[in-house]
1. Apply the Karplus parameterisation 6.51 cos²θ - 1.76 cosθ + 1.60, with θ equal to phi minus 60°, to every residue of segment B:31-47 and state each ³J(HN,Hα) to the nearest whole Hz, in sequence, with x for glycine and proline.
2. Note down the magnitude of the dipole of chain A about its Cα centre, charges +1 on Lys and Arg C-beta and -1 on Asp and Glu C-beta and zero elsewhere, to the nearest 20 debye.
3. How high is the relative contact order of chain A, given as a whole-number percent (alpha carbon pairs under 8 Å, six or more residues apart)?
4. Please return the longest range in chain A lying between exposed loop sites, taking GluC sites (Glu not before Pro), DSSP loop only, at most 16 other beta-carbon atoms within 10 Å, and leaving the sites out.
5. Please tell me the relative contact order of chain B in percent, rounded to the nearest whole number, where contacts are Cα pairs under 8 Å and at least six residues apart.
6. If I model a spin label at A:Gln108 and B:Leu83 as a point 7 Å from the Cα along the Cα→Cβ vector, what separation in nanometres do I get?
7. Counting only residues 5 or more places away or on other chains, whose amide H sits under 5 Å from the amide H of A:Ile111 once H atoms are built in the peptide plane?
8. How would you rank A:Ser54, B:Ser74, A:Ser70, going from fewest to most other Cβ atoms within 10 Å of each one's own Cβ?
Amino acid sequence: AQSVTQLDSQVPVFEEAPVELRCNYSSSVSVYLFWYVQYPNQGLQLLLKYLSGSTLVKGINGFEAEFNKSQTSFHLRKPSVHISDTAEYFCAVKGDGGTSYGKLTFGQGTILTVHP
Amino acid sequence: ETGVTQSPTHLIKTRGQQVTLRCSSQSGHNTVSWYQQALGQGPQFIFQYYREEENGRGNFPPRFSGLQFPNYSSELNVNALELDDSALYLCATALMNYGYTFGSGTRLTVV
């Protein structure tokens, strides 16, 4: 079974400042990792994903994340945020095989609020 | 426009009733998953269908059931609705078994 812990429920930051949203996971098998963003009253939009290869993954809207297998982390970063980045962000993990095939396990979410 | 359309967008039902939620996906996306997102929570996996057969299920009771059709559309059915079933229900589709595209969801309120 897999689990995901997002270490911060809320992150306030000023516009143009850098931000890091932290995510730790646990799994007994190889994993695929994802970050999704959810704007109010909308579904989830994929920001980026790690499947294999380079541990630094670049996504949309200037976001990137680094997969650290030894620390079982997949933190999301952006060097300079905009007001429009205000949203809720979800980290998710999918195990490679086993029961509950295809299941994405999500963290509880981090609300990013960008202040002017 | 995500390519995944869910209907209806909002729905109010009475406890004990039955509800059907619908999802249509991009052509060729033969994998569809359904998730329940309660207020303030992350989405929880309900089940997944691949080529019209259920091939994965989360910790949800049998009153949650689904169908996937040859045209890649899908339904989520919930019987004997309970107040705790109030949530945003999300459909996600994929061509391969990762990189899911989510719809905008159906907000179900049970009163």
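What follows is calculated from the coordinates using simple rules that are stated; it is not laboratory data. For clarity, every value in this text was computed on a predicted model and none was experimentally measured. For neighbour counting, all protein chains shown are included, and Cβ atoms are generated from backbone atoms with ideal geometry for every residue, glycine included.
1. These are the phi-based 3J(HN,Hα) values: 10, 9, 10, 10, 10, 10, 10, 6, 4, x, 10, x, x, 10, 5, 9, 6 Hz.
2. On the way: 8 positive and 9 negative charges, 81 e Å.
Computed about the Cα centre, the dipole is about 400 debye.
3. Working: 294 pairs, mean separation 43.2, N = 116.
That works out to 37 percent.
4. Numbers: sites that count: A:Glu15, A:Glu16.
Longest site-free region, per DSSP loop and neighbour criteria: A:17-116.
5. Values: 281 pairs, mean separation 42.4, N = 111.
RCO, chain B: 38 percent.
6. Distance between the two pseudo-spin positions: 2.3 nm.
7. Answer set, sorted by chain and number: A:Gln10, A:Val11, A:Tyr89.
8. Numbers: A:Ser54 9, B:Ser74 24, A:Ser70 5.
Arranged by neighbour count, lowest to highest, A:Ser54, B:Ser74, A:Ser70 become A:Ser70, A:Ser54, B:Ser74.
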